[in-house]
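The values are calculated or read from the model by the stated rules, or taken from the named source; none is laboratory data. Everything numeric in this text was worked out from a predicted model, so none of it was measured. Note: ideal-geometry Cβ built from the backbone for every residue, glycine included; neighbour counts use all protein chains shown. Quick note on the areas: whole protein, heavy atoms, side chains included, nothing else; ligands and nucleic acids left out. Shrake-Rupley method; radii C 1.70, N 1.55, O 1.52, S 1.80 Å.
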Amino acid sequence: MPVLGSVLLRIDGPVGYLGLDRPETLNAFDVEMIEDITVAAKWLSAQEEVKAVIVHSTGRAFSSGFHLRQFSESTPGQAARNVEAGRRMIETVSAMRPITIAAAAGHCVGGGFVLIAACDFRYAADDLSVYLPEARLGIPLAWGGVPRLVREIGPAATAELILLCDRVGSGTLKELGVLNGIVPAGSLLAHAESIAQRLADLSPMVLETTKLQIALASKALASTEASVMEENVVFTAMSDEASAKRRSDYLKTLG
């Protein structure tokens, strides 16, 4: 089992756990965490006994998105490389052999929401609050987030969620079809574990074949293949004067 500095990784019989573990930063993504999640996802996929993996977090937030200071201090080239690493992370999680179950509570910003969308099952605590600030930061939503949202909630709802930058609660996300269910915060992990155990009763062939069929059908609805161009788009956005001004203005409001 790899030793990872920002991810909790363990196995309990047929169930694996991939936990975001930087509570002091509200589980903000930095380059280390992105790489740790990628390594953890690959390792869990290679464990033949694991049938389901619960993607969860420690602390009071699922994820506060990409680390704001690291982002604001990045050059356009560094930002583009970070986007490429994040895209690979999301694709690795999405392609995991076991069924993935997101268990999300608290604040969830930007890329954290894309990580939830990359999972097969998605359960949220009743306190989940999602916020996509990328448009206010003068950059497009990356990591394949746009096509993933289009195939989950449709083009109109995707445009509203990304461009209006409103905070959205678990109830609205359930109505949109992003979530499978909502449970009290104190019961979230136990609920995810109960789903994982039910999945573990099924044969590996059925689980893996069904996951592949769903993945192929989803890609036919909205493919993420064009997401490889996101690095170039973010590079351009980081260099664009109008985007840079809006980013600067927004960051000032955050102190």
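Please give, to one decimal in nm, the separation of the simple spin-label points placed at residue 245 and residue 78, each 7 Å out from Cα toward the Cβ.
Modelled inter-label distance: 2.6 nm.
State, in angstrom, two size descriptors of the chain derived from its alpha carbons: Rg to one decimal place and Dmax to the nearest whole number.
Every Cα atom of the chain included, Rg and Dmax give 17.4, 55 Å.
Mind checking which helices in the chain clear 20 Å along their axis (Cα) and have mean Kyte-Doolittle hydropathy of 0.5 or more, DSSP H runs only?
31-45, 204-221
Among 231-238, 80-87, how do they line up by average Cβ neighbours within 10 Å per residue, starting with the highest?
Most protected by this proxy first, the peptides run 80-87, 231-238.
How many nm is it between the label spots at residue 46 and residue 201, if each spot is 7 Å from the Cα in line with the beta carbon?
Going by the 7 Å Cα→Cβ label model, 3.3 nm.
Taking Cα pairs under 8 Å and at least six residues apart, what relative contact order does the chain come out at, in percent?
Reported as a whole number, the value is 20 percent.
For the stretch 151-255, what is the relative contact order in percent, using Cα pairs closer than 8 Å and at least 6 residues apart in sequence?
Computed value for the stretch 151-255: 20 percent relative contact order.
Using a 1.4 Å probe and counting only protein heavy atoms, arrange 219, 51, 252 so the residue with the most accessible area comes first.
Order by accessible area, largest first: 252, 219, 51.
Springs between alpha-carbon atoms under 10 Å, Gaussian network over the chain: tell me which of 115, 132, 202 tops the mean-square fluctuations.
202
Which lysines have a Cα lying under 29 Å from the Cα of residue 51, excluding residues fewer than 8 positions away in the same chain?
Within reach: 42, 174, 211, 219.
For the chain, what is the accessible area per residue in Å², given a 1.4 Å probe and the full set of protein chains?
That works out to 46 Å² per residue.
With a 10 Å radius around each residue's Cβ, average the other Cβ atoms per peptide and rank 240-249, 29-38, highest first.
Going by the mean number of other Cβ atoms within 10 Å, highest first, we get 29-38, 240-249.
Which of the aspartates and glutamates could be linked to residue 252 by a straight reach, that is with a Cα gap under 16 Å, when you skip same-chain ones fewer than 8 residues away?
Once the sequence-local aspartates and glutamates are set aside, what remains near residue 252 is 73, 134.
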